[in-house]
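The values are calculated or read from the model by the stated rules, or taken from the named source; none is laboratory data. Since the model is a prediction, treat every value here as computed from it, not as a measurement. So basically every Cβ, Gly included, is an ideal-geometry build from the backbone, and we count neighbours across all protein chains shown. Heads up: the accessible areas ignore ligands, DNA and RNA and are worked out on the full protein's heavy atoms, side chains in. Shrake-Rupley method; radii C 1.70, N 1.55, O 1.52, S 1.80 Å.
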Amino acid sequence: MLSLVSTLVQMSPTCQVQQRLLPFLRLKILGIGQSNATAANWVARNVIAHVPATNITAIAVGSEVLTSLPNAAPVLVSALKFIQAALVAANLDQQIKVSTPHSSSVILDSFPPSQAFFNKTWDPVMVPLLNFLQSTGSYLMLNVYPYYDYMQSNGVVPLDYALFRPLPPNKEAIDSNTLLHYTNVFDAIVDAAYFAMSYLKFTNIPILVTESGWPSKGDSSEPDATVDNANTYNSNLIRHVLNNSGTPKQPGIAVSTYIYELYNEDLKSGPVSENNWGLFYASGAQVYTLHLTNSGTVFANDTTNQTFCVAKSNADSKMLQAALDWACGPGKVDCSPLLQGQSCYEPNSVASHATYAINSYYQQMAKSAGTCDFKGVASITTTNPSHGSCIFSGSGGKNVTSVNGTALAPSTNSTNSGCLSQYYNGGFFTSTVILTLILSVVVL
């Protein structure tokens with residue numbers, strides 16, 4: 001994902017950029033929102049110059065603009081439209097979607113979810129924004145923080161309900177209007193956004209959760225900001241998204257989610273918790289290790305979570321051939337097993353050979369985000385495609401790499417978080433969960 005703030009922030013090596021971030025963000029949004037040419041120049045420098053070598057799939061215009069930068073709100077939709085127009089001109093609009101992340105506080109009366117609605121103050125912006133998202137096939141970006149809902153509930157929201165811990169049936173929250181049962185705060189917030197869109201007559205816009213997490217340390221007024229709770233929340237969040245169960249309102253529709261965040265931000269002001277949302281300290285040492293199974297961790301080999309990259313059954317043969325040629329050429333995959341007489345020559349079809357090549361590339365790139373796409377002809381599966389003597393890369397269980405072997409790049413997070421950090425571009429959970437800092441990354 002690409003952000004309008006990334007260019008400046010990546011030039012600065014310290015968190016001192018925090019004081020310059022908001023003015024820069026406001027300037028960028030105002031400039032792009034008022035000038036098609038400015039937007040086109042920005043896209044040329046920050047997007048076109050980096051594709052296809054970099055798999056950019058989304059551009060986040062600002063972060064929580066309505067609540068953090070209200071003066072820029074009048075030109076927000078114009079900024080999105082101008083960015084979109086530049087992408088259309090470059091024939092990149094199908095590959096790259098444009099949206100803007102919102103704080104969940106723009107949703108009022110959020111429980112029960114069925115009665116939720118967007119703050120009507122923002123209707124002049126929200127309605128045209130949703131029209132834009134619907135017409136371009138983009139998604140509503142939402143920052144979801146059950147921690148804050150729990151902290152601000154004065155004991156009404158149980159801790160277990162916020163942490164995805166199992167609840168007895170009589171403790172589940174029930175929407176009295178729909179009779180839907182909610183076992184966690186996360187789903188309730190996401191469904192509140194779905195219902196809020198429905199209130200405005202928008203029913204087919206997917207939601208992308210651009211930030212969610214839990215702090216590992218707090219001051220005396222934040223007793224539940226602990227390492228154990230942070231580990232519990234993020235581990236359970238990953239499991240929840242990985243099972244593709246969706247939400248009570250949208251069952252079976254997985255909610256793509258980004259974990260906030262990778263590194264602690266030592267120089268941030270505010271409560272102690274504001275410095276402690278990361279999986280790692282600024283020094284690089286781990287704050288805690290996420291546990292994804294009973295016996296494995298996110299940074300250890302986990303043979304129960306093997307994933308492979310395969311050609312889609314309905315993929316165009318010419319595009320598959322192009323993917324095969326690229327993987328065996330610029331992708332530097334060893335395709336010698338596909339030669340006649342070798343172990344993976346049969347079946348001799350474009351789909352079979354392409355699957356071998358694109359999976360090899362996916363595995364050699366440590367399953368990094370965006371390495372199983374190939375312009376939409378590939379998808380991730382847990383089914384091992386090996387057959388006979390043709391053993392596919394990744395079959396030996398080396399499917400998740402150590403953090404020491406990952407690529408780290410400079411980045412910054414959202415406007416209410418503001419400091420330079422880095423993102424994890426190694427072990428990839430699935431197409432829907434990636435460890436990252438939203439509004440900072442160039443690669444999705």
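Grab the beta carbon distance between Asp334 and Ala85, set R0 = 35 Å, and tell me the FRET efficiency rounded to 0.05. My answer for the efficiency is 0.25. Taking a straight Cα-Cα cut-off under 21 Å and skipping sequence neighbours fewer than 8 places away in the same chain, the lysines within cross-link reach of Lys367 are Lys312, Lys332, Lys375, Lys398. In the context of the full set of protein chains, the range 164-270 has a per residue accessible area of 40 Å² (1.4 Å probe).
Counting only lysines at least 8 places from Lys201 when in the same chain, those with an alpha carbon closer than 22 Å to its own are Lys81, Lys97, Lys120, Lys249. For Val51 and Gln286, the FRET efficiency from 1/(1 + (r/R0)^6), where r spans their Cβ atoms and R0 equals 45 Å, is about 0.85. A Cβ-based charge dipole, computed about the Cα centre of the range 9-298 with Lys and Arg at +1 and Asp and Glu at -1, lands at about 860 debye. Backbone geometry of the range 43-52 corresponds, through the Karplus equation with coefficients 6.51, -1.76 and 1.60 at θ = phi - 60°, to 3J(HN,Hα) couplings of 5, 4, 6, 9, 10, 4, 5, 10, 9, x Hz, x marking Gly and Pro. Scaling against 2.2 N^0.38 Å puts the C-alpha radius of gyration of the range 9-298 at 1.03. The slack between Asn384 and Leu159, meaning 0.36 nm per residue of separation minus the straight C-alpha distance, is 77.1 nm. Between Ser220 and Ser176, what FRET efficiency comes out of the Förster formula 1/(1 + (r/R0)^6) with R0 = 30 Å and r the beta carbon distance, rounded to 0.05? Computed FRET efficiency for Ser176 and Ser220: 0.20. Amide H contacts of Ile174 (H built 1.01 Å from N, in plane; Pro and chain starts excluded): Tyr182 sit under 5 Å, all sequence-distant by 5 or more or on other chains. Computed 3J(HN,Hα) for the range 159-165, one whole-Hz value per residue from the Karplus formula 6.51 cos²θ - 1.76 cosθ + 1.60 where θ = phi - 60°, is 4, 4, 5, 6, 9, 6, 6, glycine and proline marked x.
Near the amide H of Val61, within less than 5 Å, lie the amide hydrogens of Ser99, Thr100, all on another chain or at least 5 residues away, with H placed in the peptide plane.
Tyr361 sits with roughly 40 Å² accessible to a 1.4 Å probe, with DNA, RNA and ligands left out of the calculation.
Bridgeable aspartates and glutamates around Lys268 (alpha carbons under 16 Å apart, same-chain partners fewer than 8 residues away excluded): Asp219.
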